[in-house]
Amino acid sequence: PLAVRMGIYWLKATLEDLALFYLEPKNYEDIRLGIALRREGQESFIREIKEVLSKRLSEASIKATIKGRHKHFFSIYQKMMDQDLNIDQVFDVLAFRVIVNSVKKCYEVLGLIHSMWKPVAGHFKDYISLPKANMYQSLHTTVITPVGERMEIQIRTWDMNRIAEEGIAAHWRYKEGNGSGKETDRQYAWMRQLLEWQESLTDPKEFLETVRLDLFIGEVYVFTPKGEIKEFPRGATPVDFAYSIHSEVGDRCMGAKV
């Protein structure tokens, strides 16, 4: 949760994959082998999608950088657990990112992508209009290609990409040139408090407990039986947790033990 709060998603992914490697070695190896066996075909698919999308963007006079990648192992593992699948049954293991020069172009790219491929209902998220608490911004959508492949696509500006990769440090670095707002100032105060605690508390356990109690006072983190972390606002109830798992779980929930 700390890496997420700081907006350092590459670190979050790295820690999750390392945890999977040590805690679920068999599942980790199954995923690694499954990805390796399909890598040649998937690399070809990534090149094909990048070429098709690049051509359409060029025709629309939109300058963009397109990146394709495999999803990290832990996110694939979560899908396997959530839907009771093995690695051979998981097909949407690829993700694409389109980086443009302005917010306006982000929405233009979104419209173009949805005209090219059918969007999956309920899988669009606008983190540009409604940024995450850690200042993360992007458009997220999932589409289905003509051959039936699901693809997750993120659309963002270069500034948004810096923040997504470097977290709050990117805001700190570019603050002087871009000014600051109330939300940005609040995040700076949060980071300063974190650094002060790190310097004053010599016991690592005491530091972590202080972070948990004070910095995450507005959030509640709950583990599902499958090890997935669910985040809720302070004041949420077990019923909220039940519905976050599945609507049927919420409908049938009769009680909870905390």
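The values are calculated or read from the model by the stated rules, or taken from the named source; none is laboratory data. Remember, predicted model here, so these are calculated numbers, not experimental data. No Cβ is skipped: glycine too gets one built from the backbone with ideal geometry, and neighbour counts run over all protein chains shown.
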Does Lys125 satisfy the criteria of being under 23 Å from Tyr9 (Cβ atoms) and either of a type outside the set (A, V, I, L, M, F, W, C) or assigned by TED's automatic domain parsing to the domain that holds Arg69 (or both)?
yes
Just name the residue that is surrounded by the fewest Cβ atoms within 10 Å (Cβ to Cβ) out of those in the stretch 59-78 that are more than 18 Å from the chain's Cα centre (by Cα) and of a type in the set (A, V, I, L, M).
Ala60
Can you confirm whether the stretch 174-186 contains a residue that is in a helix (DSSP H, G or I), β-branched (Val, Ile, Thr), at pLDDT below 65 and surrounded by 15 or more Cβ atoms within 10 Å (Cβ to Cβ)?
yes
Please enumerate the residues belonging to the stretch 39-60 that are part of a helix (DSSP H, G or I) and touching a residue at least 40 places away in the same chain (Cβ under 8 Å).
Gln42, Phe45, Ile46, Ile49, Lys50, Val52, Leu53, Arg56, Leu57
When you go through (1) in a helix (DSSP H, G or I); (2) in contact with a strand residue (DSSP E or B) (Cβ under 8 Å, 6 or more places away or on another chain) one by one for Lys63, which number turns out not to apply?
(1)
Any chance you could count how many residues in the stretch 79-138 are in a helix (DSSP H, G or I) and within 15 Å of the chain's Cα centre (by Cα)?
1
Can we say Trp197 is of a type in the set (Phe, Trp, Tyr), assigned by TED's automatic domain parsing to the domain that holds Trp10 and either modelled with pLDDT of 80 or more or over 30 Å from Asn101 (Cα atoms) (or both)?
no
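Conditions tested, residue by residue: (1) within 17 Å of Asn101 (Cβ to Cβ); (2) of a type outside the set (A, V, I, L, M).
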position	(1), (2)
Lys125	no, yes
Asn134	no, yes
Gln137	yes, yes
His140	no, yes
Ile153	no, no
Arg156	yes, yes
Using the structure shown, decide if Ile49 is in contact with a Leu (Cβ under 9 Å, 6 or more places away or on another chain), surrounded by 15 or more Cβ atoms within 10 Å (Cβ to Cβ) and among the hydrophobic types (A, V, I, L, M, F, W, C).
yes
